[in-house]
Amino acid sequence: MSRLSMGIIGLGEVAQVVHLPVLRSLPDLYEVTAVCDISPGLLQRVGGGYGVARRYADYIEMLDENGLDCVLVLNSDEYHAEAVIAALDRGVHVLVEKPMCLSPREAQAIIEARDRSGATVMVGYMRRFAPAFVEASQQIGALGQLNYARVHDIIGRNQLMIDQTVFVDRPSDVPRSAVEARWAKGRALVTDALGDVPDVLAGAYRLLCGLGSHDLSAMRELLGRPRGVVAARQWRDGRFITALLEYDDFLVTYETGVDEQLRFDAHIEVYGEHATMRLQYDTPYIRHLPTVLVTEETRGDSLHRVVSRPHLKDPYTHELEYFHEMVTQGRRPKTDPEDFIEDLDLFAELIRVMATHSDARI
């Protein structure tokens, strides 16, 4: 089995809690040979802690000085597109955390760079690689006529749970100017995607690009793309969203938000005429908490309930195994840039409908 040399761009929370430990558990598939971050402290402490000698403040320098097979793009969302395109232009395969980017213009540039290079680009929608999700996608046809579905994701801030379970090195050496530049770039990209919208709608869009992308991407794989958005609302300055989505002959409710409670409640529930399927997720930041599939079916006078926990291997591990397979076999991943554009289009439609019920219109 071919072992891929990997560079990592961004050594923040998700790299420390998830990706670096998972990569360490897959030594037959990957060797992390270079890392990049704007924090000198993280480069020294995290890069050094994982025994990576080649450490860079500039990913261009990292890409030019190392014969990497692939990179894992984990830096701030605002800079994903630049890093992805730089890697592709050097023929390096890319796994980029969601969101792939923040605007359709960036997405198109990534597709053009991929097509020029022939390299693979995969978006890190790890929930779609959970064994229970894969099982649900294979069994959903058995539900028969679909009558209704609910997509729900109300969670406490990730840090509330992370701080109870693992240490995260949160650096204090990133210049304030860099933080402000990131904020300004993010706002400009939202304007590029939506036009000049109020801050509250910009915040709702960023929530959709972040947490919401998991839910709506998984919904699309299970149910297909909705025909349209019947209604959508945001409140609490864009931190909570609810929407009604229309399919050919049924409706889906979508609800999401982030609060200060120590719990993680994310599920997709699909109601057929005689059977129901519920896919229940737990926080991915505590590894090996399983995703569970619960099915209920009416048979005669009885209701049969089956709880399926296909595997304890975490979705990030399955995702990285799948990426390795796509790269080494030259296959196209299911979570490719075109798949992500489907989400961007849906996010923009949700915001347009929200705007019709606010003081500002798009």
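Enumerate the pairs (first residue in region 134-151 and under 19 Å from P310 (Cα atoms); second residue anywhere and buried (at least 16 other Cβ atoms within 10 Å of the Cβ) and among the β-branched types (V, I, T)) with beta-carbon separation below 7 Å, excluding pairs fewer than 6 apart on the same chain, so at least 6 apart or on different chains.
Close Cβ pairs satisfying both conditions: I140/V270.
Only one of R309, R287, R239, R278 is out of contact with any Gly (no Cβ under 8 Å at 6 or more places or on another chain) and either farther than 30 Å from R24 by Cα or among the hydroxyl-bearing types (S, T, Y) (or both); which?
Checking each option against the conditions leaves just R278.
Return yes when L222 is touching a residue at least 60 places away in the same chain (Cβ under 8 Å) and buried (at least 17 other Cβ atoms within 10 Å of the Cβ) and no when it is not.
Yes, satisfied.
Of all residues in region 171-180, count the ones that are closer than 27 Å to Y205 by Cβ and surrounded by 13 or more Cβ atoms within 10 Å (Cβ to Cβ).
1
Check whether at least one residue in region 347-359 is open to solvent by 80 Å² or more (accessible area, probe 1.4 Å) and closer than 23 Å to L245 by Cβ, and report yes or no. Give the steps one after another, and end with the answer.
Filtering region 347-359 down to residues open to solvent by 80 Å² or more (accessible area, probe 1.4 Å) leaves 352, 357, 359.
Add one more test, that the residue is closer than 23 Å to L245 by Cβ, and what stays is 352, 357.
For region 347-359, residues open to solvent by 80 Å² or more (accessible area, probe 1.4 Å) and closer than 23 Å to L245 by Cβ: present.
With region 96-188 as the region, which helices (runs of 4 or more DSSP H) entirely inside it contain at least 3 residues that are under 22 Å from E342 (Cα atoms)? Give the derivation first.
On the way: elements: 104-117, 131-139, 158-165.
It comes to 104-117, 131-139.
Is one or more of the residues making up region 277-295 at pLDDT 95 or above, surrounded by fewer than 16 Cβ atoms within 10 Å (Cβ to Cβ) and either touching a strand residue (DSSP E or B) at 6+ places or on another chain (Cβ under 8 Å) or not charged (D, E, K, R) (or both)?
Within region 277-295, not a single residue is at pLDDT 95 or above, surrounded by fewer than 16 Cβ atoms within 10 Å (Cβ to Cβ) and either touching a strand residue (DSSP E or B) at 6+ places or on another chain (Cβ under 8 Å) or not charged (D, E, K, R) (or both).
For region 63-85, check the following and say yes or no: at least one residue is within 21 Å of V179 (Cα to Cα), surrounded by fewer than 17 Cβ atoms within 10 Å (Cβ to Cβ), out of contact with any strand residue (DSSP E or B) (no Cβ under 8 Å at 6 or more places or on another chain) and in contact (Cβ under 8 Å) with a residue 40 or more places away in the chain.
yes
From L262, L251, L244, grab the single residue that is modelled with pLDDT under 95, over 17 Å from the mean Cα position of the chain (by Cα), open to solvent by 40 Å² or more (accessible area, probe 1.4 Å) and hydrophobic (A, V, I, L, M, F, W, C). Quick ask: steps written out before the conclusion?
Working: L251 fails: modelled with pLDDT under 95; L244 fails: modelled with pLDDT under 95.
Only one candidate passes the filter, namely L262.
Restricting to region 110-169, what's the tally of residues that are within 15 Å of H267 (Cβ to Cβ), of a type in the set (V, I, T) and in contact with a strand residue (DSSP E or B) (Cβ under 6 Å, 6 or more places away or on another chain)?
3
Yes or no: T335 more than 27 Å from I110 (Cβ to Cβ), surrounded by 21 or more Cβ atoms within 10 Å (Cβ to Cβ) and either in contact with a strand residue (DSSP E or B) (Cβ under 6 Å, 6 or more places away or on another chain) or basic (K, R) (or both)?
Spelling it out, it is not the case that T335 is more than 27 Å from I110 (Cβ to Cβ), surrounded by 21 or more Cβ atoms within 10 Å (Cβ to Cβ) and either in contact with a strand residue (DSSP E or B) (Cβ under 6 Å, 6 or more places away or on another chain) or basic (K, R) (or both).
Within region 311-322, can one find any residue that is among the charged types (D, E, K, R), at pLDDT 95 or above and touching a strand residue (DSSP E or B) at 6+ places or on another chain (Cβ under 6 Å)?
There is no residue in region 311-322 that is among the charged types (D, E, K, R), at pLDDT 95 or above and touching a strand residue (DSSP E or B) at 6+ places or on another chain (Cβ under 6 Å).
How many residues are open to solvent by less than 20 Å² (accessible area, probe 1.4 Å) and without any contact (Cβ under 8 Å) to a residue 60 or more places away in the chain when one looks only at region 102-131?
2
I'd like to verify a number: residues in region 168-200 that are within 30 Å of E221 (Cβ to Cβ) and not β-branched (V, I, T), how many?
6
Among the residues of region 152-167, which ones are over 30 Å from L223 (Cα atoms), among the aliphatic types (A, V, I, L, M) and either free of Cβ contacts under 8 Å to residues at least 12 places away in the same chain or crowded, with 16+ Cβ neighbours inside 10 Å (or both)?
Going residue by residue through region 152-167, those that are over 30 Å from L223 (Cα atoms) are 159-167.
Those left that are additionally among the aliphatic types (A, V, I, L, M): 160-162, 166.
Those that are over 30 Å from L223 (Cα atoms), among the aliphatic types (A, V, I, L, M) and either free of Cβ contacts under 8 Å to residues at least 12 places away in the same chain or crowded, with 16+ Cβ neighbours inside 10 Å (or both): L160, M161, I162.
Being open to solvent by less than 20 Å² (accessible area, probe 1.4 Å) and not hydrophobic (A, V, I, L, M, F, W, C) is the filter here; which residues of region 226-241 pass it?
P226, G228, G238
The values are calculated or read from the model by the stated rules, or taken from the named source; none is laboratory data. Note that this is a predicted model, so its numbers are computed, not measured. Cβ sites come from the backbone with ideal geometry, for glycine too, and all protein chains shown count toward neighbours. Surface areas here come from the heavy atoms of the whole protein model, side chains and all, with no ligands, DNA or RNA. Shrake-Rupley method; radii C 1.70, N 1.55, O 1.52, S 1.80 Å.
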